[in-house]
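The values are calculated or read from the model by the stated rules, or taken from the named source; none is laboratory data. What you are looking at is a predicted structure, and each value in this text was computed from that prediction instead of being measured. A quick note on method: Cβ atoms are made from the backbone with ideal geometry, for glycine too, and the neighbour counts reach across all protein chains shown.
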Amino acid sequence: MMEHVPIAHVLMVTSTMFFIGAYGFLTRRNLVTMLIGVELMLNAVNINFVIFDRYVYPDQIEGHFFALFIIAIAAAEAAVAIAIFINLYRNIRSIDVEEVDKMKY
Amino acid sequence: MSSEALIIFFLGGVVMVGAGILASNLLAPKSSNLQKAEPYECGVPTQGTSWIQFRVGYYLFAILFLIFDVETVFIFPWAVAMKKVGLSAFIEILLFLIILGLGLLYAWKKKALKWE
Amino acid sequence: MSLNELMIMRHEWALVAVALVLLIAEIAMPVEKKKQINGLAAALAAVVVVLGFLPAQYGSLFGGMYVTDPLRILMKNILNIGVLLIILQSVSWLRQDLYHDRSSEFYLLTFASLIGVNYMISSGHFLMFYLGLELTTIPIAALASYEQFKSKSAEAGIKLILSSAFSSAILLFGISVLYAANGNLYFESFELSSSLINTLGFIFFFSGLAFKISIVPFHLWTADVYEGSPTNVTSYLSVISKGSAIFILVIVLFTLFNSIQLLWQDVLYATSILTMTIGNLFAIRQQNLKRFLAFSSIAQAGFIMLGVINASALGMATVIYFMLVYVFSNLAAFGVIQTVGHASGKITIDDYNGLYKTNPQLSLVMMLALFSLAGIPPLAGFFGKFFLFTAVAESGFYVLLTIAVLNTVISLYYYLLVVKAMFINTNATPIAAFKSDYAMRISLVICVVGILVTGFYSPVFEYIKNLCETF
């Protein structure tokens, strides 16, 4: 079934996903939502790697492994980010980016 | 599997479920009173909104769970190829697990596993 | 794994061992004895530095994923020395009652990040490179929010982790595009043609890396993060993590993207002008010294790009030499800011008025560091900048050279403002005289010696240049 889907369609999905994630990161005001935007971008890249392995270089597994490592590192990153969010919340009782403005020019 | 079989399977599913709902609607006796409109037939009605903030403790547990859950990503490929990669890979994965275990010990020492 | 292979990877093995020792110490030691961890960590860092200078084995491991050669070992040694200096500077800060039971976390995370730096410099595969990059940044984001009860610190951590996650997503997208075009992720056998898809991949890749070096227009996070983090973390960010990103950028551009040199020279041309100018213009109007050094370090990154743009062994040598000088000068400046901040809690330029009257030695160190950063003749910073300018002149970018010289003049102005505040301005309530602790003094002495020796002793540059020519 898989081969019926042309690679261009998959790539359209991944690049749309990537830029939706970037848009979300840049426009959202809630820190957790911004983190979700980044995760969306990383997942788009994951699909990219797997898809290139499947379609373009079927005899390689480098892309698959790259995707696995990205998943693990994204988890570590999310863990650290959320730990810092909790720390911020304990300090200012909010996770709205508009309130994260102690330092300005 | 051909696509016809899929369509038949799908239609069959819709018909079975639809027939069940229809039959129970037709056959079941109907009665209505105020008590039936409550969310729980027996028990205490809920108070306040369900959009409350969760305790920070949940997040801490979620973070710990996340980290020790994702380690499977590395252990699973090793387990699949265990016979091929041999003893040295076994030692390496053991080292990996020991380091993770040290991390868990650290979390324990810092009382992150305690529910307060 | 044979002993030979063990020796090839000895920087990393040593650091992993150190990190594990500290973790076990943290778990096993009772709270009352935690203050000894400071000495232990400094000693271990010194051991790591010494190990790095032992006669080396070169080669590649893991089928080419990990590569070492004399040049990479030199880069690692420079950064290891930097970390040793930072750890010496942190000791007194971490002895405070507020932090002493968490001090091992600071060292543990610093060493973890240093492991990432070493792996990143030695990477021979994009996966290794990415892992190193993330291992460099994630612990530092945790360290940036080390001061639990200050919301500024948490804010710095958030800004760092979110912008670094965003930038690494962009970088990964670039890598995935490059993978699609070439079907290979080993640096060794990477052959790039100048096609549109490779250009796209390169642009994404470069933007991701530019975030880490804080090149304009990807510099917006820098000042806030530098200001909010604890000062030692700021110095780590501005010296070690920026330095490692610059080193790997040089390696990657000169080996991997060699075939699209014309493209990346154009990109660097534009970004280096922007980076120098904007960094300098914003640095002029800063009052907070940490913010001031943040913008000045952005400007320095612009100067470093001048060496990269040369695209030859000479350019590479000038970049590495400049980084060596930059490590000593910047760490001296941060050391003074930190010890003054620790003793008096003061951080703005006006507070430094009349510092020479009360603390002459510290003011002299600060003056040397700032003169070296500005590039005033007998000091090392002058030769660093001079060599960078020679590299640009050699490749024929005369307009760029003119702009760079103008920028040096601007930077001279604001560095001298601080010196003027310390030596000439008078102050009714100057910072009281105080004595800094031994560890801090040792590190400042090493910095000063470094600034003087790398400037006066010319074989240093010759040595680096020889290594670059054989690279």
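Just to be sure, is residue C:176 under 19 Å from residue C:132 (Cβ atoms) and away from every other protein chain (no Cβ under 14 Å)? No, not satisfied. Of the listed requirements (1) crowded, with 24+ Cβ neighbours inside 10 Å; (2) under 18 Å from residue C:268 (Cα atoms); (3) not β-branched (Val, Ile, Thr), residue C:236 misses just one: (2). Any residue that is hydrophobic (A, V, I, L, M, F, W, C) and in contact with a Leu (Cβ under 8 Å, 6 or more places away or on another chain) - is there at least one of those in the range B:60-71? Scanning the range B:60-71 turns up at least one residue that is hydrophobic (A, V, I, L, M, F, W, C) and in contact with a Leu (Cβ under 8 Å, 6 or more places away or on another chain).
Do you know which residues across the range A:47-59 are surrounded by fewer than 23 Cβ atoms within 10 Å (Cβ to Cβ) and either assigned to a helix (DSSP H, G or I) or more than 7 Å from every other protein chain (Cβ to nearest Cβ) (or both)? Of everything in the range A:47-59, those that are surrounded by fewer than 23 Cβ atoms within 10 Å (Cβ to Cβ) and either assigned to a helix (DSSP H, G or I) or more than 7 Å from every other protein chain (Cβ to nearest Cβ) (or both) turn out to be A:47, A:50, A:51, A:53, A:54, A:55, A:56, A:58, A:59. Is it the case that residue C:181 is of a type in the set (A, V, I, L, M) and surrounded by fewer than 22 Cβ atoms within 10 Å (Cβ to Cβ)? The answer is yes for residue C:181.
This table checks each residue for (1) touching a residue at least 60 places away in the same chain (Cβ under 8 Å); (2) among the aromatic types (Phe, Trp, Tyr); (3) within 20 Å of residue C:230 (Cα to Cα); (4) not in a helix (DSSP H, G or I).
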{"site": "C:52", "(1), (2), (3), (4)": "no, no, no, no"}
{"site": "C:71", "(1), (2), (3), (4)": "yes, no, no, no"}
{"site": "C:74", "(1), (2), (3), (4)": "yes, no, no, no"}
{"site": "C:78", "(1), (2), (3), (4)": "yes, no, no, no"}
{"site": "C:85", "(1), (2), (3), (4)": "yes, no, yes, no"}
{"site": "C:96", "(1), (2), (3), (4)": "no, no, yes, yes"}
{"site": "C:118", "(1), (2), (3), (4)": "yes, no, no, no"}
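Of A:76, A:67, all but one fail to be facing chain C (nearest Cβ under 8 Å) and either of a type in the set (Gly, Ala, Ser) or buried (at least 22 other Cβ atoms within 10 Å of the Cβ) (or both); the exception is A:76.
Within this structure, residue C:266 fails the test of being of a type in the set (Asp, Glu), within 25 Å of residue C:86 (Cβ to Cβ) and in a helix (DSSP H, G or I). The numbered conditions (1) at the interface with chain A (Cβ under 10 Å from one of its Cβ atoms); (2) of a type outside the set (D, E, K, R); (3) crowded, with 24+ Cβ neighbours inside 10 Å are all true for residue C:122 except (1). If you filter the range C:150-164 down to residues that are under 22 Å from residue C:96 (Cα atoms) and within 7 Å of another protein chain (Cβ to nearest Cβ), you find that the one that is modelled with the lowest pLDDT is C:151.
Per this entry, residue C:213 is not counted among residues that are away from chain A (no Cβ under 13 Å), touching a residue at least 60 places away in the same chain (Cβ under 8 Å) and touching a strand residue (DSSP E or B) at 6+ places or on another chain (Cβ under 9 Å).
Which count do you get for residues in the range C:2-30 that are within 14 Å of another protein chain (Cβ to nearest Cβ) and either on the phi > 0 side of the Ramachandran plot or touching a Phe, Trp or Tyr at 6+ places or on another chain (Cβ under 9 Å) (or both)?
Looking only at the range C:2-30, we keep the residues that are within 14 Å of another protein chain (Cβ to nearest Cβ), and these are C:2, C:5-6, C:9, C:12-13, C:15-30.
Filter again for either on the phi > 0 side of the Ramachandran plot or touching a Phe, Trp or Tyr at 6+ places or on another chain (Cβ under 9 Å) (or both), leaving C:6, C:9, C:12, C:15-16, C:18-19, C:22-23, C:26-27.
Looking only at that region, the number is 11.
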